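Student: Have a look at this one before I ask anything.
The values are calculated or read from the model by the stated rules, or taken from the named source; none is laboratory data. From a predicted model like this one, the values you see are computed outputs, not experimental measurements. Heads up, the Cβs are rebuilt from the backbone with ideal geometry, glycines too, and the neighbour counts pull from every protein chain shown. To get the accessible areas, we keep the full protein, side chains included, count just its heavy atoms, and leave off ligands, DNA and RNA. Shrake-Rupley method; radii C 1.70, N 1.55, O 1.52, S 1.80 Å.
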Amino acid sequence: MRAFAELYAAFDRSTATSAKLAALRRWLAAADSGDAAWGVHLLAGARLSRVLAPAQLKRLAAESAGLPDWLVDECHAHVGDLAETVALLAVAANPDPDHAPAAGLADWVRRIVRLRTVDEHQRAAIVRGWIEALGPSERFVLLKLLTGALRVGVSRGLVVRAIAEHAGLPPARVAERLAGDWSPSAAAFDALVAPDETAAADTARPVPFCLASGLDQPVEALGERDAWLAEWKWDGIRAQIVRGTAGAWLWSRGDEALDGRFPEIEQAARAMPPGVVLDGELLAWRGDGPLPFARLQRRVNRRRPGATLLAECPVRFLAYDLLREHDRDLRAQPLRDRRARLERLLADAPPAIGLSPILAAEDWAGLRALRETARAHGVEGLMLKRLDSSYRPGRRRGDWWKWKLDPLTVDAVLVYAQAGRGRRAGLHTDYTFALWDRDALLPVAKAYSGLDDAEIVRLDRWIRAHTVERFGPVRRVEPVQVFELAFEGVQRSSRHRSGIAVRFPRILRWRHDKPAAEADRLETLRAIAGGG
Amino acid sequence: MALIEMTAAGLYCRAGDFHIDPWRPVPCAVLTHAHADHARAGSARYIAASEGLELLRLRLGSLAPIEGRAYGERFDLGSARVSLHPAGHILGSAQVRIEADGEVWVVTGDYKRDPDPTCAPFEPVRCDVLVTEATFALPVYRWPPAERVALEVLAWWDACVRERIPAVLCCYALGKAQRLLAELARLTDRPVHLHGAMAALVDAYRQAGVPMLPTRPVSDAPRGRDFAGELILAPPSAAGTPWMRRFRDASLGFASGWMQVRGHRRRRGYDLGFVLSDHADWPGLLATVHDSGARRVLAMHGDADAFVRHLRESGIDAAALRSDFARDEGSA
Ligand SMILES: [Zn+2]
């Protein structure tokens, strides 16, 4: 439900239709079909029937926060919104992240509906347990659902428009499909966004982009290497070239027309036969490799680039997919076939439009080795695309994966802890983290921020129970807990035992899922620091 | 007899013949801090914590007759023995402890209990009667830790970098801006652009040795400079003025305790609110009452009725100290 809570927050933030539309499209692109179905249903005005009366919710808040009823009423009068008041008052009494269910919107709806089968007293207890375990934004949206009043300030028309753009369908068709007794389910949502065979192609417009998910499992879990196409993950601007009968257009993701900014690409595109849509990456390019993103940025900022800028920041479009040819929609065909056509089409294209090369490593180990060289190639990592996949709009997990070399995060092991001062006095809030160097853990970073209150309390408890040794205020703890750290940079340093110094480390998340043995190795940081 | 009473000029101590934060010129004014609604020009003599002298001179003029006192230093005014103690609100902010006729009163001024790298931490002072601020005196106000808010600000800034738009963060020019710069300095070293109204105040903090992110005045930027991906700090009064026009498509944030409640943010038209306050939250107010050991509590600023009733129900003698001075939300 976090994604839906973020969508709600985005609506809450902005009054601009364009921003709401963009937020809706981002959410649609990432949502699982079942969650998307419920989201669309609720956004279009559907309500869940109420399971708790306002008085019961106030009671619940009063009990959770240990406050008298009149004070909860005062707060309600001040805040103006009951769900928000309860969300602000309820105390996280159960600081146990395992307890906080990471369920999607559809799961939550099922849970809420199931509440009706238990008696009122139990209901209040269950709801209190949920609320106390959730983070603030999700807690608020859940309360909004429970009070039956999810007013978000988006019109049904805007929801229809977002779905239409997401699916590449005319809005009228979406409205038609959504009309009447549309009942939310994964299948119903898939049918809602299914391609429309009869619609005429609009030859100047881009096709909804297919988006990749971050690879969150060992690459071997993808199965046979032969089933996958591997390319570099370019650090440029994702774009489509639409070559129509009347000209050529360049579109970035988010349907932003880039016309005029990249005349050399448009010129090269006009050399292609009409009725073509290419998907690829726009890059600043010199010789045989990409230039840093900042160069490309200079071109994006200038609607009519002058000769100097054109010479200083040359650009190139590297195509990796062919979505339309001879005005025929190829999206349903397997990538294998689209790629073969693409290679034929670009065989004699001008150099400004190139082909994103296929990486030929024979096995996963070979690809893994190539990925390690990504930085030297000026790319972000690898892309893995299933060869028999069709081209589907949005982020459909399973077909396209980004296997990024994310340079500025590591998974490190907690080795020392020290109590904080001030508000956090008595709690262990200053942490020292280590990475593996051969068989030993070498401290590399101190970080004191990034965990939420509940996590700090929980970690503090763990630290006290797993202290190996004490030196004054510092405790050495069992090397068990793994945390993902982000930082702003890494440098070689002779002053540190590890030989490197990280700048501004902070905790991104607690990796409950990761055993210490799988934390990162010092070499990873050394490689980033570079040099001798 | 009351050691301190409310008069037309503000809080007055008869035993010492001085006012605290008077809003009219008086013969002798003890100032709790340099915010405009507490430090007003025209009085014949000012006494304040030494740490805040530079800020007060910026506010009252370099020739204003201000005497600095160290935190904890005891001095006599009339028959009252007075001392100033850190309030943790902004640099140089002080609580005023007054002892006379065998009684101790403490006027907190504005204060907070949360750690703040830009000023000395609040020091609990025992007293018989506590005159406390009560700006955020409802249990919905519970502040998240400032370092987490700083991470939120950094995440928003990073998002603006990706979207190639400026990030304009409104915050009070004195105290909040410097606290943000100091909290962010633990997370990054990227420079921040400042509205002109902030530059001198940031300099004063720098001279006081507070580590902050490097800053540049917006006015130093060449015409037509693109602020995409840059963080700009501006006072809330700048929102909606022509000055904002140079930050095309900017995302507009506001850092204040009021941002805890959605309605406040929506009414003011900010894209994003960050909950960061230099005032005590509900638990901070209760902790301060408890730590003071006071038998009587007088609450001022804000709507203190619920706070007063809650204290009374907990067995503490409490009342609201009314003034005709309508306080705005100016420094919250
Ligand atoms: Zn103040």
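Student: Not counting ligands, DNA or RNA, and with a 1.4 Å probe, what is residue A:43's accessible surface area in Å² rounded to the nearest 10?
Tutor: 10 Å²
Student: If you don't mind, another one. Which of the trypsin sites (Lys or Arg not before Pro) across segment B:84-158 are loop residues per DSSP, with 12 or fewer other Cβ within 10 Å?
Tutor: Sparse-neighbourhood loop trypsin sites (Lys or Arg not before Pro): B:126.
Student: To the nearest 20 debye, what is the magnitude of the charge dipole of segment B:117-175 about its Cα centre, counting +1 on the Cβ of each Lys and Arg and -1 on the Cβ of each Asp and Glu?
Tutor: 160 debye
Student: Quick check on segment B:116-219: what are the equivalent-ellipsoid semi-axes from the Cα gyration tensor, as sqrt(5λ), descending, whole Å?
Tutor: 29, 18, 13
Student: Report residue B:6's accessible area, 1.4 Å probe, all protein chains in place, as a number in Å² to the nearest 10.
Tutor: 50 Å²
Student: Now a separate question. Once the piece of chain linking residue B:287 and residue B:9 is laid out straight, how much longer is it, given 0.36 nm per residue of separation minus the C-alpha distance between them?
Tutor: 97.1 nm
Student: Shifting gears a bit: If you plug each phi of segment B:34-49 into the Karplus form 6.51 cos²θ - 1.76 cosθ + 1.60 with θ = phi - 60°, what whole-Hz ³J(HN,Hα) values come out, in order, with x for Gly and Pro?
Tutor: Running phi through 6.51 cos²θ - 1.76 cosθ + 1.60 with θ = phi - 60° gives 8, 5, 4, 7, 10, 10, 10, 6, x, 6, 7, 8, 10, 10, 8, 5 Hz.
Student: Ordering A:487, A:471 from largest to smallest accessible area (1.4 angstrom probe), what's the sequence?
Tutor: Highest to lowest solvent-accessible surface, that is A:471, A:487.
Student: In square angstrom, what is the accessible area per residue of chain A with a 1.4 angstrom probe?
Tutor: 45 Å²
Student: Are there trypsin sites (Lys or Arg not before Pro) in segment A:348-410 that DSSP puts in a loop and that have at most 13 other Cβ atoms within 10 Å, and which ones?
Tutor: Filter output for segment A:348-410: A:397.
Student: What's the Cα-based Rg to Rh of segment A:210-404, Rh via Kirkwood?
Tutor: 0.96
Student: When the gyration tensor of chain A is built from Cα positions, what are the square roots of 5 times its three eigenvalues, in whole Å, from largest to smallest?
Tutor: One finds semi-axes of 43, 36, 20 Å for chain A.
Student: From the square roots a ≥ b ≥ c of the eigenvalues of the alpha-carbon gyration tensor of segment A:327-433, which class results: rounded (a/c under 1.5), prolate (a/b over b/c), or oblate?
Tutor: Prolate, since a/c reaches 1.5 and a/b exceeds b/c.
Student: State the percentage of accessible surface on segment A:2-146 attributable to carbon and sulfur atoms; use a 1.4 Å probe and exclude ligands, DNA and RNA.
Tutor: Roughly 51 percent of what the probe reaches on segment A:2-146 is carbon or sulfur.
Student: Can you compute the charge dipole magnitude of segment A:226-326 about its Cα centre, using +1 on each Lys and Arg Cβ and -1 on each Asp and Glu Cβ, nothing else charged? Give it in debye, rounded to the nearest 20.
Tutor: Here the size comes out at about 540 debye.
Student: Roughly speaking, what is the stretch gain from residue B:314 to residue B:17, that is 0.36 nm per residue apart minus the C-alpha to C-alpha distance, in nm to one decimal?
Tutor: Length gained, residue B:314 through residue B:17: 103.5 nm.
Student: Sticking with this structure for a sec: Could you sort A:300, A:480 by their accessible area in this structure, using a 1.4 Å probe and putting the largest first?
Tutor: A:480, A:300
Student: Related question: Within the protein assembly as shown, count lysine pairs with alpha carbon atoms under 24 angstrom apart where the residues are 8 or more positions apart or belong to different chains.
Tutor: 11
Student: Moving to a separate point now. Find, to one decimal place in angstroms, the Kirkwood hydrodynamic radius of segment A:408-529, where the mean of 1/r is taken over every pair of different Cα atoms and then inverted.
Tutor: Result for segment A:408-529, one decimal place: 14.4 Å.
Student: Once R0 is set to 60 Å, what does the formula 1/(1 + (r/R0)^6) return for the Cβ-Cβ distance between residue B:76 and residue A:517, expressed as a FRET efficiency to the nearest 0.05?
Tutor: With a Förster radius of 60 Å, E is 0.30.
Student: Once the piece of chain linking residue A:467 and residue A:372 is laid out straight, how much longer is it, given 0.36 nm per residue of separation minus the C-alpha distance between them?
Tutor: Extra length from residue A:467 to residue A:372 when fully extended: 30.5 nm.
Student: Now for a separate question. Taking the Cα-to-Cβ direction at residue B:161 and at residue A:309 and moving 7 Å from each Cα, how far apart do the two end points lie in nm?
Tutor: Between residue B:161 and residue A:309, the simple spin-label model gives 2.3 nm.
Student: Using only the Cα atoms of segment A:19-85, construct the convex hull and provide its projected area averaged over every direction, in square nanometres to one decimal.
Tutor: 6.5 nm²
Student: For segment B:146-274, what is the largest minus smallest coordinate of the Cα atoms on each principal axis, given in angstrom and ordered from greatest to least?
Tutor: 37, 35, 27
Student: Using the C-alpha atoms of segment B:81-130, what convex hull volume per residue, in cubic angstrom, is computed?
Tutor: Here the figure is 56 Å³ per residue.
Student: Name the residues whose placed amide hydrogens come within less than 5 Å of the amide hydrogen of residue A:286, ignoring near sequence neighbours (fewer than 5 apart) on the same chain.
Tutor: A:291
Student: In terms of the ratio Rg/(2.2 N^0.38 Å) built on C-alpha atoms, what value belongs to segment A:260-331?
Tutor: So the Cα radius of gyration is 1.22 times the expected 2.2 N^0.38 Å.
Student: Give me the percent of the accessible area of chain B that comes from carbon and sulfur atoms, probe 1.4 Å, all protein chains in place.
Tutor: 49 percent
Student: Among DSSP bridges having both ends in the protein assembly as shown, what percentage is antiparallel? Round to the nearest 5.
Tutor: Antiparallel bridges make up about 65 percent of those DSSP assigns within the protein assembly as shown.
Student: Separate question: Run the quick spin-label model on residue A:175 and residue A:77: label points 7 Å from Cα toward the beta carbon, then report their separation in nm to one decimal.
Tutor: 4.5 nm
Student: Sticking with this structure for a sec: Can you bin every Cα-Cα distance in segment B:207-250 into 10 Å intervals starting at zero and give me the percent of pairs per bin, rounded to whole numbers?
Tutor: 21, 52, 21, 6
Student: If you don't mind, another one. Okay, helix-only estimate at 222 nm for the protein assembly as shown: each DSSP H run of n ≥ 4 adds -39500 (n - 2.57), divide by all residues, round to 500 deg cm²/dmol; what do you get?
Tutor: -9000 deg cm²/dmol
Student: Here's a follow-up. Remind me, relative contact order of chain A in percent, using alpha carbon pairs under 8 angstrom and six or more residues apart?
Tutor: 12 percent
Student: Where nothing but the Cβ of Lys and Arg (+1) and of Asp and Glu (-1) is charged, how large is the charge dipole of the protein assembly as shown around its Cα centre, in debye to the nearest 20?
Tutor: That gives a dipole near 1360 debye.
Student: Would you mind giving the mean number of other chain beta-carbons within 10 Å of the Cβ of each residue in B:137-148, as a whole number?
Tutor: Counting other chains' Cβ atoms within 10 Å and averaging over B:137-148 gives 6.
Student: Another question about this same structure. Suppose we take every Cα in chain B and form the convex hull; what volume per residue is that in Å³?
Tutor: For chain B, the hull spanned by Cα atoms encloses 128 Å³ per residue.
Student: Ok, one more. Can you figure out the FRET efficiency of residue A:53 with residue B:63, using R₀ = 60 Å and their beta-carbon distance, to the nearest 0.05?
Tutor: Between residue A:53 and residue B:63 the formula returns 0.40.
Student: Of A:481, A:352, A:467, which is farthest towards the positive pole of chain A's charge dipole, taken about the Cα centre with +1 and -1 on the beta-carbons of Lys, Arg and Asp, Glu respectively?
Tutor: Farthest towards the positive end: A:352.
Student: Using alpha-carbon positions, what is the distance between the centroids of segment A:463-532 and segment A:51-94, in Å?
Tutor: 41 Å
Student: Can you give me the angle between helix B:282-292 and the longest principal axis of chain B, using Cα atoms only, in degrees from 0 to 90, rounded to the nearest 10?
Tutor: Rounded to the nearest ten degrees, it is 30.
Student: Further question on the same structure: Hey, can you grab everything whose amide H is under 5 Å from the amide H of residue A:383? Only 5+ residues off in sequence or another chain; H modelled, so Pro and N-termini drop out.
Tutor: Answer set, sorted by chain and number: A:231, A:232, A:233, A:403.
Student: In addition: Calculate, in whole percent, how much of the Cα-Cα pair population of segment A:2-146 lies beyond 25 Å.
Tutor: 30 percent
Student: Still on this structure, I have one more. Which part of segment A:117-157 falls in the paramagnetic zone of residue B:239, meaning amide N under 11 Å from the point 7 Å along Cα-to-beta-carbon?
Tutor: Nothing falls inside the zone, counting backbone N under 11 Å.
Student: How many Å² of accessible surface get buried when A and B come together, counting both sides, probe radius 1.4 Å, rounded to the nearest 100?
Tutor: Using a 1.4 Å probe, the pair buries roughly 3200 Å².
Student: Have a look at B:135, B:289, B:270 and report the one farthest towards the positive end of the charge dipole of the protein assembly as shown, computed about the Cα centre with Cβ charges (Lys/Arg +1, Asp/Glu -1).
Tutor: It is B:270, whose Cα lies furthest towards the positive end.
Student: Heads up, I need the accessible area for residue B:274: 1.4 angstrom probe, whole protein in place, Å², nearest 10.
Tutor: Per-residue accessible area (residue B:274): approximately 10 Å².
Student: Right, next: In what order, largest first, do A:391, B:172, A:416 sit by accessible area if the probe radius is 1.4 Å?
Tutor: Result, largest first: A:416, B:172, A:391.
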